[in-house]
Each structure stands twice: as structure tokens, then as C-alpha cells.
Amino acid sequence: MGTAGCSPSQRLRALGALAGATLLFTLWLLWQFGPAPARVPAPPRTLLVLIWHWPFADQPPELPSNTCTRYGVAHCHLSTNHSLLASADAVVFHHRELQTRRAHLPLASRPRGQPWVWASMESPSHTHGLGRLGGIFNWVLSYRRDSDIFVPYGRLEPHEGPAPPLPAKKGVAAWVVSNFQARQRRVQLYRRLAPHLRVDVFGRANGKPLCASCLLPTVARYLFYLSFENSQHRDYITEKFWRNALAAGTVPVVLGPPRANYEAFAPADAFVHVDDFGSAQELASFLAGVNASGYRRYLAWRDRLRVRLFEDWSERFCAVCAQYPHLPRGQVYWDLKTWFQA
């Protein structure tokens, strides 16, 4: 319809109506086909991790709501309340209590699809009863690097500033041992080493126990510490290496997995490996003959790295939440025994 016969005011009103209609149509197109408005993200959901039986304890510790926050893990709640089984995002079972039958698996009450976690920081030599646990667990928490939830006994982290000073060294080698059994490889090596090198032995096995606060200051006075594991298995590198030696500021003499395995955790020149020597006498001669400059090279890592220990079970269990988004769904360990003993 034209506007030739209309007055100027009528023409203006018609043009205004057309412009308004065009604007409304444009807005409608934008609403239909334009980009969706940004949505405010929902707050992360707090995960509930149920610990079925606290490791090595008759009574579980208090678990305040900020337990995992202290370890840098947010939105994670640990509980030992069995009544929360149905609502737990994951349930953790520590093997020692299953092995001794202090704890029992609630198989009949297990919610469909609920992830169960098998946890252990012990070596395969001291882990029994795995054959009856096949087809039950979805994830593994352990010191093994190929675990779903890898929790080492310790690690080295970068740090700035000078390394903490060390006390004067007054002895060559020390060893703290409680479980002294002749069949153990570490005891056999010690007995071959002792005639050629003075080793001061502490611990219950020698009637010289050290209090918790005494251990590191005592060991720090020695050049070397015998970080002999009670059994030798892949990745089984315990507090004997991380705390008793490295954190104390002495050089570990290691008996455990092969050298290459240790080098996955620490610099090659941060420790002495017994496999590098043809005999105990050769090892003894080396330890007794290291000069000052050679010894300092074993401690050079302290200028750029520091020891971080993972000793608190709460921190270990918080790692379930930290890894939760990345853990494989639908996985089942059908033969847990074969996997762990590999």
C-alpha cells in the first residue's frame, strides 16, 4: 500500500510503525538464532567418600568438614558412618582390616554402580587374601604408580631459598629396625656388611627404640642411613627412604626395587644403591671411603628440592576426591591378586 495520498503526519506514523515492526522482528531473530546467554555455573557438588574401617585403628579419628581442604582438596567430605553407604560417591576399604577380618564387605547392601576402592600401602609380601577379592573393586589406592589413585610415601618438590642446615656428622651409618628376621634380605645384607663397616643400629629389634621426635635428629648425625625395605617390589619405596633418610638430611643406602625405579622418584645422585656393588665388602669400602666433596654431591638436590611426606591417612583418602573426575567408570579388578603381585 503506498503513501502518496497521505498527509505528512500520516506518512511519518506509517514509517514509524514499519521501523518498530522491523526492530521487533530483528530482536525475535536474535532471540531464536543468536548465541545463548552465558549461564551461571552451578557450584561443584561435594563428594562423599566413605571409609569403611579406618586403617590400624579401633576408633576412627574426628573428621571435621574442612579435613580435605587442609590438603588443598575442596568439595570433599570423608566419613566413617556406615549408615551413609547408600549415598556415598565412593567407599574405601583398607586391606589390612579385610585380611584380618576385622572388617567385612557389605556386598548385599552395595548400591548398584557404586565405586569401591581397595586401599593398601603394604608390599605384596605382606598382603594376603587377595584371591577372594576378585571382581569387587573398581579402583585401587596405593603407592604403585599405575594405581588409579597414586599415593606415594613421599616425593620431592621444588623449593626456593637455602636448604636447611645439617648437624655435624659423627658416625658413618645408622639403621633403625623393629622387625628383624633372619630370612629377610635386608637382615642378610646387614650381617654381611657389619664385619666391614660400623653400623649403629636403633629400634626395638636392638633394644634401642627411638621416640618419634628423636628419630630424625639421631639419624641426621650420620653420613648414611640404611634404607632397607622389608621386601623388594616395584615402587615400594617407603618412609625408610623419604623420612628416615632424605628428610633427616642423610644419604640413603637403598635396598628395594632396582635403581631405575628409584630414579623415577629421586635424582640418581641422591642415594647409594646396593645393586651397584658386587659384594657387601665392596659397598662397605665405598661408604667408608667417600671424601667430603663426593659426599656433598649426594646432598646437592637439597639446594633445589624438598621432601614432601604423605603420612596422614586423611590426606591419602582425600586423594580419592582429587582424582574422582578422572577415574575410569565401569572398571572392575577381576583378578586383583595378579595385578598387585605383578
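See the values below:
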| read-out | value |
| --- | --- |
| Number of the condition not met by residue 67 [criteria: (1) outside any loop (DSSP other than H, G, I, E, B); (2) surrounded by 18 or more Cβ atoms within 10 Å (Cβ to Cβ); (3) not aromatic (Phe, Trp, Tyr)] | (1) |
| Filtered residue count, the stretch 285-342, keeping only those that are over 19 Å from residue 138 (Cβ atoms), part of a loop (DSSP other than H, G, I, E, B) and touching a helix residue (DSSP H, G or I) at 6+ places or on another chain (Cβ under 9 Å) | 5 |
| Contacts under 7 angstrom Cβ, first residue in the stretch 296-307 being without any contact (Cβ under 8 Å) to a residue 24 or more places away in the chain and not assigned by TED's automatic domain parsing to the domain that holds residue 265, partner among the small types (Gly, Ala, Ser) and in a strand (DSSP E or B), 6 or more apart | none |
| Hits in the stretch 261-284 (condition: part of a helix (DSSP H, G or I) and closer than 28 Å to residue 157 by Cβ) | 261, 262, 263, 268, 269, 270, 274, 275, 276 |
| Tally of residues being more than 15 Å from residue 142 (Cβ to Cβ) and among the hydrophobic types (A, V, I, L, M, F, W, C) across the stretch 91-102 | 1 |
| Within the stretch 77-107, considering residues that are farther than 30 Å from residue 125 by Cα and among the hydrophobic types (A, V, I, L, M, F, W, C), the one farthest from the chain's Cα centre (by Cα) | 86 |
| Members of the stretch 80-138 found to be within 21 Å of residue 46 (Cα to Cα), hydrophobic (A, V, I, L, M, F, W, C) and surrounded by 15 or more Cβ atoms within 10 Å (Cβ to Cβ), listed by number | 85, 88, 90, 91, 92, 93, 116, 117 |
| Scope the stretch 219-260; condition of a type in the set (Val, Ile, Thr) and crowded, with 20+ Cβ neighbours inside 10 Å; matching residues | 219, 237, 250, 251, 253, 254 |
| Which listed residue is out of contact with any Pro (no Cβ under 9 Å at 6 or more places or on another chain) and either within 25 Å of residue 264 (Cα to Cα) or assigned by TED's automatic domain parsing to the domain that holds residue 323 (or both), from 94, 126 | 126 |
| In the stretch 231-281, residue farthest from residue 184 (Cα to Cα) [restricted to those that are more than 17 Å from the chain's Cα centre (by Cα) and among the polar types (S, T, N, Q)] | 250 |
| Selection within the stretch 116-149 - without any contact (Cβ under 8 Å) to a residue 12 or more places away in the chain and aliphatic (A, V, I, L, M) | none |
| Residue that is farthest from residue 119 (Cα to Cα) [pool: residues in the stretch 148-205 that are in a strand (DSSP E or B) and of a type in the set (Gly, Ala, Ser)] | 171 |
| Every pair of residues 6+ apart whose Cβ atoms lie under 9 Å, when the first sits in the stretch 69-83 and is assigned by TED's automatic domain parsing to the domain that holds residue 320 while the second is among the acidic types (Asp, Glu) | 70/315; 71/312; 71/315; 73/315 |
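Yes/no per residue for (1) of a type outside the set (Gly, Ala, Ser); (2) more than 29 Å from the chain's Cα centre (by Cα):
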residue: 167; (1), (2): yes, yes
residue: 178; (1), (2): no, no
residue: 186; (1), (2): yes, no
residue: 192; (1), (2): yes, yes
residue: 196; (1), (2): yes, yes
residue: 204; (1), (2): yes, no
residue: 213; (1), (2): no, no
residue: 216; (1), (2): yes, no
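The values are calculated or read from the model by the stated rules, or taken from the named source; none is laboratory data. Quick caveat, the model's predicted, so the values are computed rather than measured. Neighbour counts are summed over all protein chains in view; Cβ atoms, including those assigned to glycine, are modelled from backbone coordinates with ideal geometry.
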